[in-house]
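Asks: What follows is a structure written as structure tokens; I'll ask about it next.
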Protein chains: 2
Amino acid sequence: MTTNILMSIETDIKQTSFRSPFHRLLVNLMYTNNWLCDGQMRLLKPYGITLQQYNVLRILRGQSPNPVKVSDITERMLDKMSNASRLVDKLVAKELVMRTECPRDRRACDVVITESGLALLIRIDADQQEWERTKNQTLTDDEATQLSHLLDELRQSSPE
Amino acid sequence: MTTNILMSIETDIKQTSFRSPFHRLLVNLMYTNNWLCDGQMRLLKPYGITLQQYNVLRILRGQSPNPVKVSDITERMLDKMSNASRLVDKLVAKELVMRTECPRDRRACDVVITESGLALLIRIDADQQEWERTKNQTLTDDEATQLSHLLDELRQSSPE
DNA sequence: CGTAAATAATTGTTGTTACATTAAATACAA
DNA sequence: TTGTATTTAATGTAACAACAATTATTTACG
């Protein structure tokens, strides 16, 4: 056993025992996720957009200059919810995206990122890369891949 | 390479490429966390409490019958925020916890879980264990420990 | 002692999310 | 074609969260 000065999850949330390795993992996962989201939010705050809005912008950039339907956005969002419509509202208000009625299906909406939206993303990219770089100092690429694969496996248990 | 029918994160969110293994990990972590929280929320819904309220109750049970201060609750919550006070309000309204003025420091509050709160947790425990059991079918204890350790390492990069 | 600083909790405000409902357009079967 | 079901997005509502400001109490210390 090596000397270990790791701040483990036990220290962080002042809990000394978990029911099982799996239970410890669950708590650790939520805690780490919150830690990551906090960092992301702080990064985005100066740019006046939220994490969710940022995710929508990145989905749109991924397809740009093609339009994306609101339903497609919902499908690709990390947390599925019925608010893609209102998120798009906010982004339209900031003129970061454009929403037009889809000509082929008038129920649907075509959403496209604007030049201004793309420009904002480019400004954020530098900060984002720097942030990722600092967070990425402890894990090797192999470890990151391995961790990601374990998460994939975890989600196998019940598809829903 | 073994045959692989894993639903990987790429399939789930319909994204085919990531900037780096680390970026893929970040997205996977958020996605997996949301997947877990969704499951937990669905489990708790029939009992009329939210995930956050449940976490508060478990913190209180952990110290029961000793009281816990609101500030201690905030400290131990997975997502730190200033709403512990209002969460306690909700739990008091449901008579799952009691709040009394701390005699040693009249600024502070002693919060204790009630019999009714403990009884509710016991009812939930069975469901919770069953839920964990189903989620825990794919990872061995070793893998869970390993995953948890990798998460600890990830958080090492910058303490904040 | 008396005043300033620090601490604990609550409250106000604003924005966000979850969930259900509604409205409009489309698909499709009889 | 017509009626019914389905799909797509928007909206109403209530609960929740983030953040700042406020109140009450305790502590520090000249």
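The values are calculated or read from the model by the stated rules, or taken from the named source; none is laboratory data. Keep in mind that what you see is a predicted model, and the values were worked out from it rather than measured. All Cβ positions, glycine included, derive from the backbone under ideal geometry; neighbour counts span all protein chains shown.
Asks: Among the listed residues A:Ala144, A:Ala126, A:Ala119, which satisfies the condition of being closer than 18 Å to B:Leu29 by Cβ and more than 12 Å from DNA strand D (Cβ to nearest atom)?
Replies: On the way: A:Ala126 fails: closer than 18 Å to B:Leu29 by Cβ; A:Ala119 fails: closer than 18 Å to B:Leu29 by Cβ.
Answer to the selection: A:Ala144.
Asks: Can you give me the number of residues within the range A:146-160 that are assigned to a helix (DSSP H, G or I), touching a helix residue (DSSP H, G or I) at 6+ places or on another chain (Cβ under 9 Å) and facing chain B (nearest Cβ under 7 Å)?
Replies: Qualifying residue count, the range A:146-160: 9.
Asks: So, A:Gly39, is that one at pLDDT below 90 and in a helix (DSSP H, G or I) or not? I'd like the intermediate steps shown before the answer.
Replies: Working: at pLDDT below 90: yes; in a helix (DSSP H, G or I): yes.
Yes.
Asks: Continuing with this model, one more query. Based on this model, can you work out whether B:Asp127 counts as surrounded by 12 or more Cβ atoms within 10 Å (Cβ to Cβ), among the charged types (D, E, K, R) and away from every other protein chain (no Cβ under 14 Å)? Please lay out each step first, then the result.
Replies: Values: surrounded by 12 or more Cβ atoms within 10 Å (Cβ to Cβ): yes; among the charged types (D, E, K, R): yes; away from every other protein chain (no Cβ under 14 Å): yes.
So B:Asp127 fits the description; yes.
Asks: What number of residues in the range B:107-124 are more than 27 Å from B:Pro46 (Cβ to Cβ) and surrounded by fewer than 12 Cβ atoms within 10 Å (Cβ to Cβ)?
Replies: Pass one, the range B:107-124, residues more than 27 Å from B:Pro46 (Cβ to Cβ): B:107-110.
From the residues that got through so far, the ones that are surrounded by fewer than 12 Cβ atoms within 10 Å (Cβ to Cβ) too are B:107.
So the count comes out to 1.
Asks: Do you know which of the residues in the range A:56-75 that are closer than 16 Å to A:Arg107 by Cα and within 14 Å of DNA strand C (Cβ to nearest atom) is surrounded by the most Cβ atoms within 10 Å (Cβ to Cβ)?
Replies: Residues of the range A:56-75 closer than 16 Å to A:Arg107 by Cα: A:67-74.
Then keep just the ones that are within 14 Å of DNA strand C (Cβ to nearest atom); that gives A:69-71, A:73-74.
Working: A:Lys69: 16, A:Val70: 18, A:Ser71: 13, A:Ile73: 20, A:Thr74: 16.
Within the range A:56-75, the match that is surrounded by the most Cβ atoms within 10 Å (Cβ to Cβ) is A:Ile73.
Asks: Looking at (1) within 16 Å of DNA strand D (Cβ to nearest atom); (2) part of a helix (DSSP H, G or I); (3) in contact (Cβ under 8 Å) with a residue 60 or more places away in the chain, which one does A:Ile49 not meet, given that it meets all the others?
Replies: Evaluating A:Ile49 over (1) within 16 Å of DNA strand D (Cβ to nearest atom); (2) part of a helix (DSSP H, G or I); (3) in contact (Cβ under 8 Å) with a residue 60 or more places away in the chain leaves (2) as the failure.
Asks: Another question, then. Looking at the range A:48-66 only, could you name the residues that are under 16 Å from A:Leu87 (Cα atoms) and either within 14 Å of chain B (Cβ to nearest Cβ) or not hydrophobic (A, V, I, L, M, F, W, C) (or both)? It would help to see each step written out before you state the result.
Replies: First, pick out the residues of the range A:48-66 that are under 16 Å from A:Leu87 (Cα atoms): A:48-61.
Hits for the range A:48-66 are A:Gly48, A:Thr50, A:Leu51, A:Gln52, A:Gln53, A:Tyr54, A:Asn55, A:Val56, A:Arg58, A:Ile59, A:Leu60, A:Arg61.
This table checks each residue for (1) within 15 Å of DNA strand C (Cβ to nearest atom); (2) closer than 30 Å to A:Arg133 by Cβ; (3) crowded, with 20+ Cβ neighbours inside 10 Å; (4) more than 14 Å from chain B (Cβ to nearest Cβ).
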site	(1), (2), (3), (4)
A:Leu26	no, yes, yes, no
A:Asn33	yes, yes, yes, no
A:Val88	yes, no, yes, yes
A:Leu96	yes, yes, yes, yes
A:Asp105	yes, no, no, yes
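Asks: Scanning the range A:130-145 for residues that are under 20 Å from A:Trp35 (Cβ atoms) and surrounded by 13 or more Cβ atoms within 10 Å (Cβ to Cβ), which turns out farthest from the other protein chains (Cβ to nearest Cβ)?
Replies: For the range A:130-145, the residue satisfying everything is A:Trp131.
Asks: Look through the range A:108-139, keep the residues that are touching a residue at least 24 places away in the same chain (Cβ under 8 Å) and among the basic types (Lys, Arg), and return whichever of them is nearest to B:Gln156 (Cα to Cα). Can you show your working first?
Replies: Of all residues in the range A:108-139, those touching a residue at least 24 places away in the same chain (Cβ under 8 Å) come to A:108-113, A:117-118, A:120-121, A:123-124, A:127-128, A:131, A:135.
Then keep just the ones that are among the basic types (Lys, Arg); that gives A:123, A:135.
Details: A:Arg123: 27, A:Lys135: 8 Å.
Selected residue: A:Lys135.
Asks: Residue check: is A:Leu78 part of a helix (DSSP H, G or I) and surrounded by 15 or more Cβ atoms within 10 Å (Cβ to Cβ)? Reasoning before the result, please.
Replies: Numbers: part of a helix (DSSP H, G or I): no; surrounded by 15 or more Cβ atoms within 10 Å (Cβ to Cβ): yes.
Here the answer is no, as A:Leu78 does not meet what is asked.
Asks: Out of the residues in the range B:85-108 meeting the condition of being assigned to a loop (DSSP other than H, G, I, E, B) and away from DNA strand D (no atom under 11 Å from the Cβ), tell me which one is farthest from B:Glu75 (Cα to Cα). Quick ask: steps written out before the conclusion?
Replies: Applying the first criterion (assigned to a loop (DSSP other than H, G, I, E, B)) to the range B:85-108 yields B:94-96, B:102-108.
If we keep only those that are away from DNA strand D (no atom under 11 Å from the Cβ) too, we end up with B:95-96.
Values: B:Glu95: 23, B:Leu96: 20 Å.
Across the range B:85-108, the extreme among qualifying residues is B:Glu95.
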